[in-house]
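Everything below concerns the one structure shown next.
The values are calculated or read from the model by the stated rules, or taken from the named source; none is laboratory data. Because the structure is a prediction, the values reported are computed rather than measured. Heads up, the Cβs are rebuilt from the backbone with ideal geometry, glycines too, and the neighbour counts pull from every protein chain shown.
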Protein chains: 2
Amino acid sequence: MTDLRKTVESFWAAAEARDWTAFADTLTEDVLYTLPQTRERIRGRERYVRFNREYPADWHLRIERIVAEAGQVVTWGHFTVGLEEMYGISFFTGDDSGRISAVVDFWPEPYVPPAGREHLVERY
Amino acid sequence: MTDLRKTVESFWAAAEARDWTAFADTLTEDVLYTLPQTRERIRGRERYVRFNREYPADWHLRIERIVAEAGQVVTWGHFTVGLEEMYGISFFTGDDSGRISAVVDFWPEPYVPPAGREHLVERY
């Protein structure tokens, strides 16, 4: 059994390298990908690999944080797409073989802080 | 030494109950709170408790997922504020005593999915 944390590291390394064979190897055949912000789902390895392969942007990734326990891993990634920078948070679930059976992604965007808390907060 | 996962469960239970004494008990004195989306930071237990106590909304929380390893915990929470629903992702770091020394929050908002991937995706 492969450690899910290692599988997730391979998943991101393969995605960054656009090595879609290695990427597919980290996934179960019936992997489920969910984007709660758009309420989108992609079912199955073939479609999910294709979604990533066809993704229309030259993005690059740096992993900021990884938190892992048995069967569950979370990554916080810092993505650059040209001059744009963004965060991506991914919740991974693994099966018994250490492959990824589910991914849930969140893509938080910058926003203007609400007024009224300036006395407690500093900006960076 | 308290398990950080237990501390984080107490943190959310105390916040939901508006029990600010119990909430403060989960934090180190120099706890650092960071909101990358607004580039805001709050330093220290006193200010961070006050920030939460003064937060101008009657929110309620259900924890959807928790992932924990030694010294690090992530929660994915589903928040309701009146009729509005939102997600909150929090990365916690603990100190040796099992208290929370850092929290990084992400608040992802709904967005309209980009065109061109309808052949791979279902909506839910």
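A:R65 fails exactly one of the following numbered conditions: (1) crowded, with 16+ Cβ neighbours inside 10 Å; (2) facing chain B (nearest Cβ under 10 Å); (3) of a type outside the set (G, A, S). What is the number of that condition?
Of (1) crowded, with 16+ Cβ neighbours inside 10 Å; (2) facing chain B (nearest Cβ under 10 Å); (3) of a type outside the set (G, A, S), only one is false for A:R65: (1).
Looking at the stretch A:41-87, which of its residues are of a type in the set (S, T, N, Q), closer than 20 Å to B:P36 by Cβ and out of contact with any Ser or Thr (no Cβ under 7 Å at 6 or more places or on another chain)?
Result: A:T80, single match.
Taking the stretch A:68-84 only, how many residues are over 15 Å from B:V104 (Cβ atoms), more than 9 Å from chain B (Cβ to nearest Cβ) and surrounded by 11 or more Cβ atoms within 10 Å (Cβ to Cβ)?
Result for the stretch A:68-84: 4.
Which residue is farthest from B:D25 (Cα to Cα), if the candidates are limited to the stretch B:91-109 and must be in contact (Cβ under 8 Å) with a residue 24 or more places away in the chain and under 10 Å from the mean Cα position of the chain (by Cα)?
For the stretch B:91-109, the residue satisfying everything is B:W107.
Checking A:V112 against (1) at pLDDT 95 or above; (2) over 14 Å from the mean Cα position of the chain (by Cα): exactly one of these is not met. Which one?
(1)
When you look at A:A70, is it of a type in the set (A, V, I, L, M) and modelled with pLDDT under 95, yes or no?
So A:A70 passes the test.
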